[in-house]
Amino acid sequence: MMKIPDTNTYNFNELHHGLRSWCVSLLLLLTTQVAYTADWYAKDNCFGGHDPSIVRYEDGYALMVTNNMLTLYTSEDAINWNALGRTLSSIPNWLKTVTNNQIEDIWAPDLNYFGNQFRVYYTGSAFGKNTSGIGLMTNNHPTKDGWTDMGEVVRSGSGNNYNAIDADVVKDLNNNYWMVFGSWWDGIRMIRLDESTGKQSSSDNTVYRLASRNGSGIEGPSLIEHNGQYFLFTAWDVCCKMGSELNQNTYKTAMGRSDNITGPYVDRSGKALTNGGGTILMERYGRYYGPGGGEAFKDLNRIRFVHHYYNSKSNGAPTLHVRDIVFTEDNWPEMGQPFLGRHLSAEAEHGILTRGVSGDLVITESNTSSNGEYVAYINTSKSSVRLPINIMQEGDYLLRYRYANGGEDATHNISINGENREIELPSTGAWGTFPENSFIYIPAHLKRGGNFIEVRVGKNFSELDRIDFLRIIRDSLPGNGFDNGMRIRLNEKDELCMKEGGWALFENVITDSIVSSDLSVIVKNANGGKLNIRSGSKNGTILSSCDLPKSGEEWVEVECTPLSALSGIQDLYITISGNTDELILRNIKFGKGSSSQLQESHSEENSIAYYDQMLQRVDLGESCQWTLYDIHGNVISNGKGQYIEMKNERNGVYIIKFCDEVLKITHCQP
């Protein structure tokens with residue numbers, strides 16, 4: 001065990017020669033390996049349900065949907081669901097009274113955790129009328145049994161110009177709770193809740209008006225906060241048409257934004273939602289009719305959106321999708337991919353398809369394509385396939401670009417976060433056929449958070465199936481770069497915290513880029529137990545094992561057993577057992593720790609300041625006054641805070657004075 005004065009001081013003259021040149025040898029190695037350890041072929045599991053609601057909790061996800069007496073489902077991955085059973089045995093008497101006994105089942109549940117309880121807001125209504133009510137049930141655990149009906153929260157009737165169904169609860173930046181609701185009539189309303197009771201606040205009886213389409217269809221509201229702003233998602237127009245009426249589904253998902261929880265909300269064009277405004281995020285594409293009835297919810301490290309659509313392959317049966325919401329630089333949301341088992345993959349058919357001319361961008365079926373579908377006829381310059389995706393680890397990637405080209409050699413024009421390039425797509429010999437080796441690699445540097453890939457036609461023509469995002473790991477894997485997990489969280493310092501029995505998933509790691517068998521982890525709050533690095537699953541083969549010491553609140557570097565031989569592209573899982581406290585994991589380091597360099601770089605043995613090459617910044621470990629010097633002692637900049645951004649600085653050696661300490665770094669941009 002070694003105490004860490006500086007956790008990430010790299011010799012970039014040796015390790016970093018620029019992304020493009022560095023990737024050449026890696027590409028040569030990968031192209032000789034057809035095997036791809038992680039399964040690239042996606043298939044929608046077509047789980048049925050209507051008006052879904054999901055809450056994330058420590059051991060996974062809990063789900064409820066419409067019309068099954070609030071049956072509860074749970075999952076570890078948000079794709080494979082287990083039914084626990086009904087939580088209601090009969091319609092509550094109060095709801096029968098409100099609806100004049102014109103109710104047969106419970107609609108549109110909303111699952112939450114606040115007030116130290118799991119809470120579900122449920123709806124009942126006389127169909128086609130606004131004689132409706134929203135009720136509340138509570139439980140200490142997300143299980144089938146133990147729910148207590150707390151009765152009515154709000155109701156509506158013929159004397160109201162709104163409809164009290166489709167509840168959704170959100171917490172604002174002041175830790176107040178609000179419930180938004182509404183369907184048709186004059187649109188979407190909101191009330192403030194009392195956190196302790198879950199019912200309307202006695203100090204605020206206002207029913208706020210957030211959105212209206214002046215009598216046209218608007219319902220299923222959902223509110224979420226992101227970066228200090230609030231986003232209102234609604235479903236528009238006509239739903240619920242199946243069988244021979246499937247084409248009558250005009251359901252879609254719209255959105256608006258506000259700086260205040262109570263509004264006003266406007267769309268991207270600036271039009272008020274109270275006056276019919278709303279930016280359309282999803283509507284029918286391919287076999288996916290009426291994507292709507294959804295709810296935004298916060299996952300461990302991203303915001304997601306669960307909704308239903310009507311599947312034309314199943315006679316219009318309502319089917320669930322769980323998507324990432326991907327935010328632009330100016331904080332507007334776009335809908336990412338439905339989760340089909342991989343976080344770092346994008347199916348072309350689920351992209352934002354903009355057609356320059358009719359007949360472009362046709363979603364086509366093939367039994368050799370991922371998810372059985374691909375996009376054909378990328379034919380004209382004004383047509384584009386836009387693929388928003390959340391990336392949790394900033395750094396260098398290879399984009400595995402799966403395509404088909406049955407004609408002459410072609411190109412696509414591809415934009416990666418606004419950087420344009422033309423990529424060559426040699427003939428694959430057939431249209432609509434995607435064998436395992438039908439791909440190219442594209443080097444790219446991706447940022448943490450929202451990334452946007454846009455594809456247009458270049459020379460001649462090619463079809464697009466899927467893009468996989470593969471991590472290049474040179475010397476470390478940041479703990480907070482995980483894709484999912486259980487019994488883990490990010491703390492207020494954006495650090496990975498792990499509890500006993502927890503695991504964290506890192507998808508699509510190019511293990512060929514790891515050149516050393518030496519491995520160590522940088523942790524604090526360790527209190528015994530083991531941290532294991534595994535391959536393929538949380539119960540997979542142990543590649544390296546780390547015996548955790550008792551470290552307290554100091555960062556320590558723990559040497560682990562030599563890393564097993566690795567090759568190809570693998571999913572890595574970090575698992576923890578036997579630790580009695582919540583462990584904080586900063587980095588997994590590949591290669592010998594450089595203790596002499598660390599000591600030279602910093603004057604204080606117990607400091608945790610370090611240079612993060614991936615984020616191109618210095619983390620001082622605490623907020624204080626700092627000054628940045630070049631190697632000759634000239635002042636470059638100064639300021640106050642925890643972070644020093646280095647993205648605009650030239651490559652070279654720098655000295656930082658801060659908090660009565662000194663740090664020497666070697667800065668090198670990709």
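Starting from the Cα gyration tensor of segment 267-346, take the square roots of the eigenvalues, sort them a ≥ b ≥ c, and report rounded, prolate or oblate (rounded when a/c is under 1.5, otherwise prolate if a/b is larger than b/c, else oblate).
Because a/c hits 1.5 or more and a/b fails to exceed b/c, segment 267-346 counts as oblate.
In this Cβ point-charge picture (+1 for Lys and Arg, -1 for Asp and Glu), segment 201-313 has a dipole of about 360 debye about its Cα centre.
Seen against the Cα atoms of the chain and their longest principal axis, helix 19-31 is set at about 80 degrees.
Annotation for segment 491-540 versus segment 381-448: alpha-carbon center distance of 30 Å. The Cα center of segment 642-658 and the Cα center of segment 326-340 differ in position by 31 Å. With contacts taken as Cα pairs under 8 Å and at least 6 residues apart, segment 179-261 reaches a relative contact order of 24 percent. For segment 410-566, the Stokes-Einstein estimate of translational diffusion at 25 °C and a viscosity of 0.890 mPa s comes to 131 µm²/s, using the Kirkwood hydrodynamic radius over alpha-carbon pairs. The three principal axes of the C-alpha atoms in the chain carry coordinate ranges of 79, 62, 47 Å, sorted with the longest axis first.
If you take the alpha carbon radius of gyration of segment 81-142 and divide it by 2.2 N^0.38 Å, what ratio comes out, to two decimals?
1.21
When the charge dipole of the chain is built from unit charges on Cβ atoms (+1 for Lys and Arg, -1 for Asp and Glu) and taken about the Cα centre, the candidate among Asn451, Ala62, Cys624 whose Cα reaches farthest toward its positive end is Ala62. Relative to the globular-protein estimate of 2.2 N^0.38 Å, the Cα radius of gyration of segment 464-523 stands at 1.31. Given +1 at the Cβ of Lys and Arg, -1 at the Cβ of Asp and Glu and no other charges, the dipole of the chain around its Cα centre is 1180 debye to the nearest 20.
Along the charge dipole of the chain, which of Thr131, Thr74, Gly115 sits closest to the positive end, that is, farthest toward it, with unit charges on the beta carbon of Lys, Arg, Asp and Glu (+1, +1, -1, -1)? My answer, from the dipole projection, is Thr131.
Dividing the Cα radius of gyration of segment 321-398 by 2.2 N^0.38 Å, with N the residue count, gives 1.20. The shape of segment 209-348 comes out oblate: with a ≥ b ≥ c from the C-alpha gyration tensor, a/c is at least 1.5 while a/b does not beat b/c.
For segment 77-185, compute Rh as the Kirkwood radius over C-alpha pairs and then the Stokes-Einstein diffusion coefficient at 25 °C and 0.890 mPa s; write the answer in µm²/s, rounded to an integer. Here the translational diffusion coefficient equals 166 µm²/s.
Mean projection of the Cα convex hull over all viewing directions, computed for segment 374-413: 4.2 nm².
With the helix formula -39500 (n - 2.57) applied to DSSP H stretches of n ≥ 4, the chain reaches a computed 222 nm mean residue ellipticity of -1000 deg cm²/dmol.
Specify whether the C-alpha gyration tensor of segment 135-270 places it in the rounded, prolate or oblate class, a ≥ b ≥ c being the square roots of the eigenvalues: rounded for a/c under 1.5, otherwise prolate if a/b is larger than b/c and oblate if not. Oblate, since a/c reaches 1.5 and b/c is not below a/b.
I need to check one value: relative contact order of the chain, counting alpha carbon pairs closer than 8 Å and at least 6 residues apart, in percent. It comes to 11 percent, rounded to a whole number. Mean separation of Cα pairs under 8 Å and 6 or more residues apart, divided by the residue count, gives segment 146-223 a relative contact order of 29 percent. Here's the picture: charge each Lys and Arg Cβ at +1 and each Asp and Glu Cβ at -1 in segment 230-310, and of Thr250, Ala272, Pro291 the one pushed furthest to the positive end of that dipole is Pro291.
In terms of distances greater than 32 angstrom between alpha carbons, the cross-link table entries Lys493/Lys538; Lys447/Lys657; Lys171/Lys241; Lys550/Lys664; Lys493/Lys530 yield Lys171/Lys241. The GluC sites (Glu not before Pro) of segment 59-157 that DSSP puts in a loop, and whose beta carbon has at most 14 other beta carbons within 10 Å, are Glu104.
Every number here is computed from the coordinates shown, using simple stated rules; none is lab data. Please read all numbers here as calculations on a predicted model, not as lab measurements. Glycine also receives a Cβ, built like all others from the backbone with ideal geometry; neighbour counts cover every protein chain displayed.
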